[in-house]
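K.L.:
Structure below; questions to follow.
The values are calculated or read from the model by the stated rules, or taken from the named source; none is laboratory data. From a predicted model like this one, the values you see are computed outputs, not experimental measurements. Neighbour counts run over all protein chains shown; Cβ positions are idealised from the backbone, glycine included.
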Amino acid sequence: MKVLTVGITGQFAALVVPELKKRGIAVRALIRDQRHAGIAFARGADETVLGNLENPGSLRNAAEGVDGIFHINPAFSPNEFDMGIAMLEAARAASVERFVFSGVIHPSILGLSNHAAKLPVEEVLYQSGMNFTVLQPAMFMQNFDRSWSDIVRRGRFALPYSVHARACYVDYRDVAEAAAIAFATNRLDYGTFELCAPGMLNRIEVAALMSEALDFPVKAGEISFDEWAHAAQLPSGPMRDGLRHLYEDYDRHGFPGGNALVLRAILEREPRTLRQYIQELAHSEEYQLLRAS
């Protein structure tokens, strides 16, 4: 089997590749620029193909000769829906048998652009005639990686919504494993699955986990969105606007979920927990370098 993968040069989809390779599945990586080929091969791709999610013609060529497609949309892109539909149309034109879509938990929250853009992609996929698997993951634990150095230096974990808002999480390595299972077996055929680690935590509880792992106190804090966006060097545009609305929604409602039943059944083991993930960060090479500096 050969699978075309989207996003191999990014932070999340790259985690799917080793899970596919473990199961003897060849990987064709979609890249936008030939200069990215080295990254794709370093991450385990067997071959690369040039293509752009904003250029449907290039996707038709990329999909030729593969058995399956793993697709993940770039969040908060203004044309995220069009990208997903373009990939689906390319898959159908190339008679691809199996399509695995990494979406988001609760795509029916239409007030959030990164959720609403995924719901119509699911609808078209269900009507495509292809063998599909839709994965709906919670908030990615890997998002902590970007702010970990700052958290360690400041002893403070601050975001622009209430410290009391509860959220559900998932380790994207577990999502990647589920995606690979969908390609390697028929267990997840024609299914849509919410993927969560167990439980919901607020930021006070997450900061306590960080304190435990680091063996020094980390305080939970709140900052304004503009202060957070400036620190994150987030430019004006659809992503900044989308994240502002996202955090406003979290402030009012949190990010509910945390039922691990489905993910546990798919993996046939316990999902990775946020406690475990934070412990990994605390023992990472990056943290050891921070301690030494």
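K.L.:
Tally up the residues in region 18-51 that are closer than 12 Å to PHE183 by Cα and not charged (D, E, K, R), please.
P.N.:
5
K.L.:
Among the candidates LEU112, LEU88, which residue alone is modelled with pLDDT under 95 and of a type in the set (A, V, I, L, M, F, W, C)? Outline the logic, then answer.
P.N.:
Numbers: LEU88 fails: modelled with pLDDT under 95.
None of the others qualify; the one that does is LEU112.
Results for (1) in contact with a helix residue (DSSP H, G or I) (Cβ under 8 Å, 6 or more places away or on another chain); (2) at positive phi; (3) polar (S, T, N, Q), shown as yes or no for each residue.
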residue	(1), (2), (3)
ALA62	yes, no, no
GLU89	yes, no, no
SER95	no, yes, yes
PRO120	yes, no, no
MET139	no, no, no
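K.L.:
Mind checking which residues of region 19-37 are in a helix (DSSP H, G or I) and either on the phi > 0 side of the Ramachandran plot or not small (Gly, Ala, Ser) (or both)?
P.N.:
If the condition is that a residue be in a helix (DSSP H, G or I) and either on the phi > 0 side of the Ramachandran plot or not small (Gly, Ala, Ser) (or both), then GLU19, LEU20, LYS21, LYS22, GLN34, ARG35, HIS36 are the ones that fit.
K.L.:
Out of all the residues in region 88-101, is one or more in contact (Cβ under 8 Å) with a residue 40 or more places away in the chain, of a type in the set (Gly, Ala, Ser) and crowded, with 22+ Cβ neighbours inside 10 Å?
P.N.:
no
K.L.:
Right, here's the next one. Suppose we filter ALA26, ALA62 for residues that are more than 16 Å from the chain's Cα centre (by Cα), over 25 Å from ASP249 (Cα atoms) and free of Cβ contacts under 8 Å to residues at least 40 places away in the same chain; which single one remains?
P.N.:
Answer to the check: ALA26.
K.L.:
I want to confirm something. Restricting to region 245-293 and keeping residues that are of a type in the set (Lys, Arg), in a helix (DSSP H, G or I) and modelled with pLDDT of 95 or more, which single residue is surrounded by the fewest Cβ atoms within 10 Å (Cβ to Cβ)? Break it down into steps so the answer makes sense when it comes.
P.N.:
Going through region 245-293, the residues of a type in the set (Lys, Arg) turn out to be 252, 264, 269, 272, 275, 291.
Those left that are additionally in a helix (DSSP H, G or I): 252, 264, 275, 291.
Now drop any that are not modelled with pLDDT of 95 or more, which leaves 252, 264, 275.
Working: ARG252: 10, ARG264: 16, ARG275: 16.
Out of the qualifying residues, it is ARG252.
K.L.:
If you don't mind, there's one more thing I want to ask. Under 6 Å between Cβ atoms, which residue pairs at least 6 apart in sequence (or on different chains) link something in region 116-145 that is crowded, with 17+ Cβ neighbours inside 10 Å with a partner that is of a type in the set (Ser, Thr, Tyr) and not in a helix (DSSP H, G or I)?
P.N.:
Sorted first by the residue in region 116-145, then by its partner, the pairs are VAL134/THR192; LEU135/SER102; ALA138/TYR169; MET139/TYR169; MET141/TYR169.
K.L.:
Any residue in region 1-18 that is in a loop (DSSP other than H, G, I, E, B), touching a strand residue (DSSP E or B) at 6+ places or on another chain (Cβ under 7 Å), among the hydrophobic types (A, V, I, L, M, F, W, C) and surrounded by fewer than 16 Cβ atoms within 10 Å (Cβ to Cβ)?
P.N.:
Start the filter on region 1-18 by keeping residues that are in a loop (DSSP other than H, G, I, E, B), which leaves 1, 6-12.
Add one more test, that the residue is touching a strand residue (DSSP E or B) at 6+ places or on another chain (Cβ under 7 Å), and what stays is 1, 6-9, 12.
Next, only the ones that are among the hydrophobic types (A, V, I, L, M, F, W, C) stay: 1, 6, 8, 12.
After this cut, where a residue has to be surrounded by fewer than 16 Cβ atoms within 10 Å (Cβ to Cβ) as well, the list is 1.
Within region 1-18, one or more residues are in a loop (DSSP other than H, G, I, E, B), touching a strand residue (DSSP E or B) at 6+ places or on another chain (Cβ under 7 Å), among the hydrophobic types (A, V, I, L, M, F, W, C) and surrounded by fewer than 16 Cβ atoms within 10 Å (Cβ to Cβ).
K.L.:
When you scan region 87-186 for helices (runs of 4 or more DSSP H) that lie fully inside it, which ones turn up with 3 or more residues that are within 19 Å of MET239 (Cβ to Cβ)?
P.N.:
Of the helices (runs of 4 or more DSSP H) lying wholly inside region 87-186, those with at least 3 residues that are within 19 Å of MET239 (Cβ to Cβ) span 113-116, 144-154.
K.L.:
Right, next: Would you confirm whether or not region 215-227 contains a residue that is under 20 Å from ARG146 (Cβ atoms), in a helix (DSSP H, G or I), of a type outside the set (Ser, Thr, Tyr) and in contact with a helix residue (DSSP H, G or I) (Cβ under 6 Å, 6 or more places away or on another chain)?
P.N.:
Yes, region 215-227 has at least one match.
K.L.:
Looking at LEU261, LEU234, can you tell me which residue is under 18 Å from ASN143 (Cβ atoms) and among the aliphatic types (A, V, I, L, M)?
P.N.:
Details: LEU261 fails: under 18 Å from ASN143 (Cβ atoms).
Exactly one residue qualifies, and that residue is LEU234.
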